[in-house]
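> Mind having a look at this structure? Questions to follow.
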Amino acid sequence: MPDLEIDRVSKHYGDVVALDEVSFDVRAGELFGFVGSNGAGKTTTMRIALGVLAADAGEVRFDGAPVTHETRTRIGYMPEERGLYPKMKVLPQLVYLAELHGLSTNEAHRSAENWIARLGLAGRRLDEVQKLSLGNQQRVQLAAALVHDPAVLVLDEPFSGLDPIAVDVMSEVLREKAAAGVPVVFSSHQLDLVERLCDRVGIIRSGRMVACGSVDELTADASSQLVVRVPEAHPGWAKQLAGVRVVGEEPGSTVLELDPAVDDQVVLEAALATGPVREFRRRRPTLAELFRNVVTGGER
Ligand SMILES: Nc1ncnc2c1ncn2[C@@H]1O[C@H](COP(=O)(O)OP(=O)(O)OP(=O)(O)O)[C@@H](O)[C@H]1O
C-alpha cells in the first residue's frame, strides 16, 4: 500500500527559514493531523507535498518514488486559499475538475453527482460557487479534492469555518477514505478534533517537526495529571504540597501535575483532610495541553 513520505524538506523565503529538514510519513490507511502555530510551516509543507512549490532541499515520495506530474494528478488537494472558479456552477465545475484529472465525461458526472449528494449540496448543484455560503463553498472544495478518486489526500485546514454538521460529514468522509487505504493528511488548529480523529499527529514549530506520533505515544511520557474533586475544600489547598503543581482550578475541583517521585496517596490524604473526596483520578494531558507545552517549551 502506498505511503506519502516527506523526507528532510527545507524551504527558505529570502531570510525566512520556512522549513528546516521536515520529515514525516503518512501511511496508507492513516489519518495524519498536522498542527502548529500560525506561520509554523504547514501550508508550505503541503504545497511542497503536492508539488506546486519546489523545496530547496529534501524529497517528497509517494509509493516510494519522487512525486512527478503523473503522481500529482493522483493527489486530492484542498488548498488553504481555496481554488475554485467563483463564477462557475457547482456541478459543471466538479465535472470539469474530474475530467482534468483524467476521468471520462460519464465517470466525471457520476462522481460529481455522488459527492454533491454525499456532501449535502444537492440543492446547490446549479448555483454559482460565489453565491454559496463559505461553509458550502468549503464542501464544494472538498468535493473538488475527492471527485477524481485520489490515491492521497492533502487538505489544508479543511475544518475551518464549518458548522458542526459539516464537521461530522467531513470527519466521516476522511475516516472512510483512510479506511479504504488512502493516506490522508490535514492541517488544523482544532486540536480536540485532531485528537479525536487522527491516528497520528505531527507538531511543527518554526519550520521544524518537534513531535510526531499517536496522541497516546505523545502524551504517555508527559507528566501525569490528577483530577481531584473536593467540593468543600478551600481554594489553593494543594499549593503547599511538595512536587505538586496546580494546573487547573475550578470551584471544588483541582487538576494537579505531580513529579514522578510524588506518592499520590499523600495527595489523597491532604485532600481528605479538607473534606470528602468525590473524585480522584489520573489523566493524561490532552493534545491541546501537550501542544502548548511543545510550542512554548522545550523540544521533544
Ligand atoms: N510567499 C511567501 N513569501 C515569503 N514568506 C512566506 C511566503 N509563504 C510563507 N511564508 C513564510 O513562511 C513561514 C511558514 O508559513 P506557512 O504559511 O507555511 O505557515 P502555516 O503553518 O501554514 O501558518 P497558518 O497556520 O497561519 O496558515 C511563515 O514565516 C511565512 O511568513
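> Would you check which residues across region 47-57 are over 22 Å from Ala179 (Cβ atoms) and touching a strand residue (DSSP E or B) at 6+ places or on another chain (Cβ under 6 Å) and list them?
Selection gives Ile48, Leu50, Ala55, Asp56, Ala57.
> How many residues does region 101-123 hold that are within 28 Å of the chain's Cα centre (by Cα) and not small (Gly, Ala, Ser)?
8
> Shifting gears a bit: Out of the residues in region 73-87 that are touching a residue at least 12 places away in the same chain (Cβ under 8 Å) and surrounded by fewer than 17 Cβ atoms within 10 Å (Cβ to Cβ), which is nearest to the ligand (Cβ to nearest atom)?
Glu80
> Looking at Ser253, Ser206 in this structure, which one is surrounded by 15 or more Cβ atoms within 10 Å (Cβ to Cβ), closer than 30 Å to Leu31 by Cβ and among the hydroxyl-bearing types (Ser, Thr, Tyr)?
Ser206
> With respect to the numbered conditions (1) loosely packed, with under 15 Cβ neighbours inside 10 Å; (2) assigned to a strand (DSSP E or B), which one is the sole condition not fulfilled by Ala242?
Checking Ala242 against (1) loosely packed, with under 15 Cβ neighbours inside 10 Å; (2) assigned to a strand (DSSP E or B), the one that fails is (2).
> If you check Ala288, Ala261, Ala238, Ala270, which single one turns out to be under 30 Å from Val26 (Cβ atoms) and not hydroxyl-bearing (Ser, Thr, Tyr)? Walk me through how you get there before you give the answer.
Working: Ala261 fails: under 30 Å from Val26 (Cβ atoms); Ala238 fails: under 30 Å from Val26 (Cβ atoms); Ala270 fails: under 30 Å from Val26 (Cβ atoms).
Being under 30 Å from Val26 (Cβ atoms) and not hydroxyl-bearing (Ser, Thr, Tyr) holds for just one of Ala288, Ala261, Ala238, Ala270, which is Ala288.
> Of the numbered conditions (1) aromatic (Phe, Trp, Tyr); (2) part of a helix (DSSP H, G or I); (3) within 16 Å of the ligand (Cβ to nearest atom), Trp115 fails exactly one; give the number of that condition.
It is condition (3) that Trp115 fails.
> Within the group Gly236, Gly202, Gly181, which residue is assigned by TED's automatic domain parsing to the domain that holds Val154 and either over 30 Å from Lys42 (Cα atoms) or at pLDDT 95 or above (or both)?
Values: Gly236 fails: assigned by TED's automatic domain parsing to the domain that holds Val154; Gly181 fails: either over 30 Å from Lys42 (Cα atoms) or at pLDDT 95 or above (or both).
The unique qualifying residue is Gly202.
> Only one residue in Val184, Val230 is of a type in the set (Val, Ile, Thr), touching a strand residue (DSSP E or B) at 6+ places or on another chain (Cβ under 8 Å) and closer than 20 Å to Trp115 by Cα, so which one is that?
Among Val184, Val230, only Val184 is of a type in the set (Val, Ile, Thr), touching a strand residue (DSSP E or B) at 6+ places or on another chain (Cβ under 8 Å) and closer than 20 Å to Trp115 by Cα.
> Going through region 224-245 one residue at a time, which ones are without any contact (Cβ under 8 Å) to a residue 40 or more places away in the chain, under 27 Å from Asp192 (Cβ atoms) and touching an Asp or Glu at 6+ places or on another chain (Cβ under 8 Å)?
Correct list: Val244, Arg245.
> Looking only at residues in region 13-50 that are surrounded by fewer than 17 Cβ atoms within 10 Å (Cβ to Cβ) and within 9 Å of the ligand (Cβ to nearest atom), which one is farthest from the chain's Cα centre (by Cα)?
For region 13-50, the residue satisfying everything is Gly14.
The values are calculated or read from the model by the stated rules, or taken from the named source; none is laboratory data. Everything numeric in this text was worked out from a predicted model, so none of it was measured. Neighbour counts are summed over all protein chains in view; Cβ atoms, including those assigned to glycine, are modelled from backbone coordinates with ideal geometry.
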